[in-house]
Amino acid sequence: MEKASTKLHHYIFRLLVSLSATMLIACSSGPAEKPVAESFSSPARLLDQGIYNYNNNNYADAIDKFEKALLQYRSIDNQPGIANSCLNLATAYMAINNNHIAAQYLVRADSIIKQSSLDGLNEHLSLLKSSLAINEGLYHHAVQELDEVLDSDDTTIKLAALKNRTTIAFLRSDNDRIQWLEKYRVLQEQDPGNHLSHSARILRFEADASDDKEQRVSLLANSLAISQALANRTAIAATLTQWASLDRDENRFQDAEDKYLRALFIRHQLGDVKSSLSILEQLLLVYTETDDEKAVPTGDWINRLENNNLSSWDALILDLDNYPKY
């Protein structure tokens, strides 16, 4: 699943960095001591670099910077900095569907937030917990976490919570899924210019809810255009995958293959093994239906990823991509 939104993550990261900045001001109020100032400013700079990489979908580099920030904050026993770094790491790992490691960082962040009474981070923690629960199919638990933030006074947080709650309703085919979508849409429309990623997600929900085939295509095309303009890779891949499934259902197998391969390339570039496996399984359905010889290498890659054999991960696209080989 498109696991919490890019806008939300950006907001969370900016807030965490602002907390670090506040801490810097407090620590520099006494006599100038360069080693102490550096102890605080260095991990804050690493968090900022991690944010930059995350927002450019460079998740491996973002994780590297957040891990370095965590080590530096631990070296001075700075509990807010440690909690912030753990939340950032959980967010980055969820972006590539590495939910096991993300869960470990959330457990650590939860413990520190409680022990150090960092109440200002509770809503962000609940949002990330709900996203992780959605990724793992624990929808009841996700709903419980969202109860803490659906009435938030912060519009950005509330939008993210409504997105997650709507996601759950659609995944479970709940009778009230349209009502949740309407709540999500109404809040987003209050300030659409600053929440374009939510606009794209709402269009995808609307496509899922529509019975009109032409309308579904139009909605997905509009959603894709927004995500492409934002260079939001995870959203682009998710939209292409949803559209490809529609093409497959309508026996537009060549169009379906094209979109699946485009989505697969993005997920592979992001290092998202779980989503890549899901796309491969859907591609196999296309190749089996069309008696395409590419079913053989596709099935082989499915077996490798299911058995966590990633030794030749880089060769996946070389085997299946339809671009010229040099």
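Being open to solvent by 40 Å² or more (accessible area, probe 1.4 Å), within 15 Å of Thr156 (Cβ to Cβ) and either of a type outside the set (Lys, Arg) or modelled with pLDDT under 95 (or both) holds for only one residue in Leu171, Leu187, Leu196, and it is Leu196.
Within the stretch 280-289, can you find the residues that are farther than 16 Å from Arg267 by Cβ and either open to solvent by 60 Å² or more (accessible area, probe 1.4 Å) or under 24 Å from the mean Cα position of the chain (by Cα) (or both)? Within the stretch 280-289, Leu285, Thr288, Glu289 meet the criteria. How about the stretch 124-203: which helices (runs of 4 or more DSSP H) wholly inside it have at least 2 residues that are of a type in the set (Phe, Trp, Tyr)? Fully inside the stretch 124-203 and qualifying: 177-188. Restricting attention to the stretch 90-104, does a residue exist that is over 13 Å from the mean Cα position of the chain (by Cα) and surrounded by 22 or more Cβ atoms within 10 Å (Cβ to Cβ)? No; the residues of the stretch 90-104 include none that is over 13 Å from the mean Cα position of the chain (by Cα) and surrounded by 22 or more Cβ atoms within 10 Å (Cβ to Cβ). In summary, Gln242 fulfils each of the numbered conditions (1) polar (S, T, N, Q); (2) within 20 Å of the chain's Cα centre (by Cα); (3) not in a helix (DSSP H, G or I) with the single exception of condition (3). On inspection, Asn58 qualifies as among the polar types (S, T, N, Q) and open to solvent by 30 Å² or more (accessible area, probe 1.4 Å).
Per this entry, Leu162 is counted among residues that are open to solvent by less than 20 Å² (accessible area, probe 1.4 Å) and modelled with pLDDT of 95 or more. The conditions of being among the hydrophobic types (A, V, I, L, M, F, W, C) and either modelled with pLDDT under 95 or open to solvent by 60 Å² or more (accessible area, probe 1.4 Å) (or both) are not met by Leu277.
Would you mind stating whether Leu270 is within 22 Å of Ala60 (Cα to Cα), crowded, with 19+ Cβ neighbours inside 10 Å and in contact with an Asp or Glu (Cβ under 9 Å, 6 or more places away or on another chain)?
Numbers: within 22 Å of Ala60 (Cα to Cα): yes; crowded, with 19+ Cβ neighbours inside 10 Å: yes; in contact with an Asp or Glu (Cβ under 9 Å, 6 or more places away or on another chain): no.
No, not satisfied.
Taking (1) polar (S, T, N, Q); (2) at pLDDT below 95; (3) buried (at least 23 other Cβ atoms within 10 Å of the Cβ) in turn, Thr156 satisfies each apart from (3). Of all residues in the stretch 297-326, those being open to solvent by 30 Å² or more (accessible area, probe 1.4 Å), within 15 Å of Ser275 (Cα to Cα) and not polar (S, T, N, Q) number 4.
Report yes if Ser20 is at pLDDT 95 or above, more than 30 Å from Arg172 (Cβ to Cβ) and either hydroxyl-bearing (Ser, Thr, Tyr) or touching an Asp or Glu at 6+ places or on another chain (Cβ under 8 Å) (or both), otherwise no. No: the conditions fail for Ser20.
The values are calculated or read from the model by the stated rules, or taken from the named source; none is laboratory data. Keep in mind the model is a prediction, meaning the values are calculated, not measured. Ideal geometry is used to build each Cβ from the backbone, glycine not excepted, and the neighbour counts take in all protein chains shown. Ligands, DNA and RNA are stripped out before the accessible areas are found, and what is left, the full protein with its side chains, is counted by its heavy atoms. Shrake-Rupley method; radii C 1.70, N 1.55, O 1.52, S 1.80 Å.
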